[in-house]
1. Go through (1) within 16 Å of the ligand (Cβ to nearest atom); (2) assigned to a strand (DSSP E or B) for K102 and report which single condition fails.
2. Taking only the range 1-44 into account, find how many residues are of a type in the set (A, V, I, L, M), surrounded by fewer than 20 Cβ atoms within 10 Å (Cβ to Cβ) and in contact with a Gly (Cβ under 8 Å, 6 or more places away or on another chain).
3. Would it be correct to say that Y235 is outside any helix (DSSP H, G or I), surrounded by 16 or more Cβ atoms within 10 Å (Cβ to Cβ), under 16 Å from the mean Cα position of the chain (by Cα) and touching a residue at least 24 places away in the same chain (Cβ under 8 Å)?
4. What residue, of N16, N65, N92, is within 16 Å of the ligand (Cβ to nearest atom) and farther than 30 Å from Q279 by Cβ?
5. Kindly indicate which of Q263, Q203, Q279 is buried (at least 16 other Cβ atoms within 10 Å of the Cβ), at pLDDT 95 or above and either of a type in the set (D, E) or under 21 Å from H27 (Cα atoms) (or both).
6. Mind listing just one residue for me: the one in the range 46-62 that is among the aliphatic types (A, V, I, L, M) and more than 16 Å from the ligand (Cβ to nearest atom) and, of those, farthest from L11 (Cα to Cα)?
Amino acid sequence: MHEIGGNTRVLGVIGNPVRHTMSPKIHNFLTERLGQDMVYLPFEVHGDVIQAVGGAYELGIVGMNVTVPYKSAVMEAVSETDAEACRIGAVNTLVRTDTGYKGYNTDVIGLRRELQEAGVTLAGEQVVILGAGGAARATAMMCAADGVSTLCILNRNREKAEELAAAVRACMLQKDTASGMYIQALGLEEYEQLQGKEHIVFQCTSVGLSPWEDEAVIEARTFYQKLKCAVDLIYTPRQTKFMKLAEHEGVRAMNGSKMLVYQAIASYELWNGMTIPEQIVNELLGYLTEEGLIG
Ligand code: ATR
């Protein structure tokens, strides 16, 4: 590890819990490989996150990632918010400016890059989103921006699915884009109403996350038979029950590990005003695979 001195730039991730985070491994690998004088640390916030961000700014911290449960709350603490983060209603990256931190959302950048690499395009597709929380909202806004033909949001609490559908519609009206898109909100048990057999589904709930790895929000084979591609935003375990059920029906399935790596790369690029060369991205992926962190 490089020597830490008086000029070392300090960055980190705030959240609670953050002990399980893979982000320090990613950022410190990149720092080492790029020969930069920077260190990235986990900061578990137990008190008021707004005060924590204020304190971080006063301490000269150059940038931070924000994770559960602060991605929305932190929007109150920034001096400016990037337009996409504003639409999504969540910030996962803070970049220091002269007047405070500017908030960005690189989760969606990461997900888009993962899909692009896997050859999955969203324009004109029928998309299903499972869940209506923060991750689902970011995914829904991405789908609307990328011109899907139908968007069906299924959630345990149907009212929350309806609220999210209304937020996406309002956002489309504002932007005057994707006006032909059909949006529907359903309860999880209403999946039989899905028309067609070629859906791309994004699993955006916390169900299936270790240690609840034997669960999936929908387990019926008839649901998985309606899909052509299944994307779980969870990355631990590497193969979730949702992915197993999809693969059992011959449906292509992927997890969120590449999304995590690519959102980190996008944050690193924002903090350092650079584009990380493809070769270093591949080295990073190799390192994380070797460490058993992604796959
Ligand atoms: P995140 O920011 O990761 O999206 P969140 O905002 O807390 O987290 O959202 C969690 C999502 O997982 C919600 O859609 C939640 O459904 P409800 O809105 O009905 O609560 C969903 N979820 C969590 N536990 C669930 C369970 N046991 N069964 C079905 N859905 C569940």
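The values are calculated or read from the model by the stated rules, or taken from the named source; none is laboratory data. The model shown is predicted, which means the values in this text are computed figures rather than measured ones. So basically every Cβ, Gly included, is an ideal-geometry build from the backbone, and we count neighbours across all protein chains shown.
1. The one condition K102 does not meet is (1).
2. Of all residues in the range 1-44, those of a type in the set (A, V, I, L, M) come to 1, 4, 10-11, 13-14, 18, 22, 26, 30, 34, 38-39, 41.
Within this subset, residues satisfying the condition of being surrounded by fewer than 20 Cβ atoms within 10 Å (Cβ to Cβ) are 1, 4, 10, 18, 22, 34, 39, 41.
Now restrict to residues that are in contact with a Gly (Cβ under 8 Å, 6 or more places away or on another chain): 10, 41.
Result for the range 1-44: 2.
3. Numbers: outside any helix (DSSP H, G or I): yes; surrounded by 16 or more Cβ atoms within 10 Å (Cβ to Cβ): yes; under 16 Å from the mean Cα position of the chain (by Cα): yes; touching a residue at least 24 places away in the same chain (Cβ under 8 Å): yes.
Spelling it out, Y235 is indeed outside any helix (DSSP H, G or I), surrounded by 16 or more Cβ atoms within 10 Å (Cβ to Cβ), under 16 Å from the mean Cα position of the chain (by Cα) and touching a residue at least 24 places away in the same chain (Cβ under 8 Å).
4. Details: N65 fails: farther than 30 Å from Q279 by Cβ; N92 fails: farther than 30 Å from Q279 by Cβ.
Being within 16 Å of the ligand (Cβ to nearest atom) and farther than 30 Å from Q279 by Cβ holds for just one of N16, N65, N92, which is N16.
5. On the way: Q203 fails: either of a type in the set (D, E) or under 21 Å from H27 (Cα atoms) (or both); Q279 fails: buried (at least 16 other Cβ atoms within 10 Å of the Cβ).
That would be Q263, the only listed residue that is buried (at least 16 other Cβ atoms within 10 Å of the Cβ), at pLDDT 95 or above and either of a type in the set (D, E) or under 21 Å from H27 (Cα atoms) (or both).
6. Step one: of the range 46-62, the residues among the aliphatic types (A, V, I, L, M) are 49-50, 52-53, 56, 59, 61-62.
Narrowing the set further to residues that are more than 16 Å from the ligand (Cβ to nearest atom) leaves 50, 52-53, 56, 59, 61-62.
Working: I50: 17, A52: 14, V53: 12, A56: 9, L59: 11, I61: 6, V62: 6 Å.
The extreme case among them is I50.
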